[in-house]
Amino acid sequence: SADGGKVIDIAYGKMDDAQLVAGLIEKGDKRELVYVTLKQEVDLFGGEGELAVEERVNLTREFADKFEGNITKLLVSNQADTILVATDTGAVLSFRKQGGKISFSQKFKPFEDGEKIASMNYVFGNNTLIFTNDAGRTLGYTLYKPSKELPLLFGLTKTNFTDLKAGAGFYASSQINKSFLTGQDNNISLRYATTQKDNWTSTLDYKVKYAIISKKYDRILLADDKNKLHVLELNDPHPEASWQTYFTQIWYEGEKGPAHKWESTGGTEEAEKKLSMMPLIFGTLKSTFYAMLFAVPIALMAAIYTAEFLPPKLKVYIKPLMEVMASLPSVIIGFLAALWLAPLIEHTFPAILMVVSVVPLSA
C-alpha cells in the first residue's frame, strides 16, 4: 500500500462508471481501512481510457471515534456505494456514499453480548447480510427504512434460520435469486434468505473448502480440503415458493416490517419475489362482497317484479331473456358492460345514483 502496510483483504464494487475499491491494511498489530474511487473515461466509440484514482481516503483515521478493536472482515456492495466492516469486538460499521462522498452511516452488533462474527456475507442484490457466530447462530440483517426522515439502515429481520454446528466455513450466493449455500466441513445447506427455509441439506464424504453456485443456478461447484473439485447438479426451479411465502407475513427488503405482499414482477432482477396469496384472497372476497351488495337486492326485486307484477305480454319475452342471461358467465357480462355499457353511462351515472336518493327525498 501507499502507507507501507500489508494488504490483507480487498473488496471491489462497480456500478456503471462508479468503481470503488476498499482495502484492509495491516501495520504491526493495527489494521486500517482505506478506500479508493476509480474513474475511467469512455470515448464515443466505446473504447476505455486509462484507469485513474479519483479519491483516496483512510476511513480509520477520518472516523477514528467510530472504530473499536481490529477489523476482521470487509465487504463492498456491487453498487459501489457501501462499505461494511466487522471488528473483533462483534461490531459492524457501515459507510455509505452520500453526495459523492463516503460517510459514516450506522454501527450495530448482530449478536447479543458482542459475540464475535464468524462470517459476514451479502445475499444477491446486496440488500441483505447473513451473519454467523462461532456457535453457528445464523441471522439476517436487511436494509429497511425506519421512517421517512431516516435513510436506509440495516435491521434484524431474519431470525429463524437453522443454526449451523459452527461458524460458516464457506459461503456462496446465487447470482439470480436470494438463495445461498453455506456450512462447515462436510455439512452443507442451501437456503433461501427471504423465507429462511433450508431447500437442501446434506452431509458429504469430504470437507468443503470453497463453494460457488453457477450463474444459471443449475450447478454447485465445491473444492475440498485436498484441492479436488466436485460438481453437483442443482434442480431448484422455484426456491421462493413455500406455504410460508403464500400465507404468512414476511419482512421484505426495504419494508418497515413484516407484511402480506403480492407483486407479479419486481422493479429489477434483484428485487425479492412477493407471492403472498392473502391480498388476492381478501381482494377477491372484498370485490365479491361489494358486487353482491348491489347485485342481490336488484336481482331479487327484478325477479319478484317479473314473476308477480309484469304484464303477461311483456313477461313472455322478459322472463326467457333473464333466464338466458343467468346462464351466461358473469365474466362475459362484465366484459360487455366494461366495453359497451360503461361509455354510454359514463356521464350520466352520477345522475342515476342521485336519483335513487334525491327523488324519494324530494317526493
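Data table
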quantity	calculated
Condition met for Asn235 (among the polar types (S, T, N, Q) and farther than 22 Å from Lys178 by Cα)	no
Residue that is nearest to Thr128 (Cα to Cα), among those in the range 241-293 that are assigned to a strand (DSSP E or B) and open to solvent by less than 70 Å² (accessible area, probe 1.4 Å)	Ile250
Tabulated pairs, the range 317-345, first at negative phi, second surrounded by 10 or more Cβ atoms within 10 Å (Cβ to Cβ), C-beta under 6 angstrom, 6+ apart or interchain	Ile318/Thr306; Lys319/Thr306
Unmet criterion (only one of (1) over 19 Å from the mean Cα position of the chain (by Cα); (2) at pLDDT 90 or above; (3) surrounded by 14 or more Cβ atoms within 10 Å (Cβ to Cβ); (4) not charged (D, E, K, R)) for Ile318	(2)
Scope the range 177-203; condition free of Cβ contacts under 8 Å to residues at least 60 places away in the same chain and among the hydrophobic types (A, V, I, L, M, F, W, C); matching residues	Phe180, Leu181, Ile188, Leu190, Trp200
Condition met for Ile212 (β-branched (Val, Ile, Thr) and open to solvent by less than 40 Å² (accessible area, probe 1.4 Å))	no
Any hit, the range 226-237, residues being modelled with pLDDT of 95 or more and among the acidic types (Asp, Glu)	yes
Subset of the range 82-99 that is modelled with pLDDT under 90 and within 21 Å of Gly125 (Cα to Cα) - its residue that is surrounded by the fewest Cβ atoms within 10 Å (Cβ to Cβ)	Gln98
Cβ-Cβ under 7 Å pairs, at least 6 apart or on other chains, the range 74-101 side without any contact (Cβ under 8 Å) to a residue 40 or more places away in the chain and among the aliphatic types (A, V, I, L, M), far side in a strand (DSSP E or B) and open to solvent by less than 40 Å² (accessible area, probe 1.4 Å)	Ala86/Val92; Ala86/Ile117; Ala86/Met120; Leu93/Val85
Where Gly114 falls short, out of the listed (1) farther than 23 Å from Lys14 by Cβ; (2) in contact with a Leu (Cβ under 9 Å, 6 or more places away or on another chain)	(2)
Test: residue in the range 107-127 that is out of contact with any Ser or Thr (no Cβ under 9 Å at 6 or more places or on another chain) and at positive phi	yes
The range 14-34, subset surrounded by fewer than 16 Cβ atoms within 10 Å (Cβ to Cβ), part of a strand (DSSP E or B) and under 30 Å from the mean Cα position of the chain (by Cα), residue modelled with the lowest pLDDT	Met15
Residue among Thr157, Thr162, Thr142 that alone is open to solvent by less than 10 Å² (accessible area, probe 1.4 Å) and closer than 19 Å to Phe111 by Cβ	Thr142
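Residues checked against (1) basic (Lys, Arg); (2) farther than 19 Å from Ala295 by Cα; (3) modelled with pLDDT of 90 or more; (4) open to solvent by 80 Å² or more (accessible area, probe 1.4 Å):
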{"residue": "Ala326", "(1), (2), (3), (4)": "no, no, no, yes"}
{"residue": "Ala338", "(1), (2), (3), (4)": "no, no, no, no"}
{"residue": "Pro343", "(1), (2), (3), (4)": "no, yes, no, no"}
{"residue": "Phe349", "(1), (2), (3), (4)": "no, no, no, yes"}
{"residue": "Met354", "(1), (2), (3), (4)": "no, no, no, yes"}
{"residue": "Val358", "(1), (2), (3), (4)": "no, yes, no, no"}
{"residue": "Ser362", "(1), (2), (3), (4)": "no, yes, no, yes"}
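The values are calculated or read from the model by the stated rules, or taken from the named source; none is laboratory data. The shown structure was predicted, so the numbers you read here are calculated from the model rather than taken from an experiment. For neighbour counting, all protein chains shown are included, and Cβ atoms are generated from backbone atoms with ideal geometry for every residue, glycine included. The accessibility values were calculated without ligands, DNA or RNA, using every heavy atom of the protein model including side chains. Shrake-Rupley method; radii C 1.70, N 1.55, O 1.52, S 1.80 Å.
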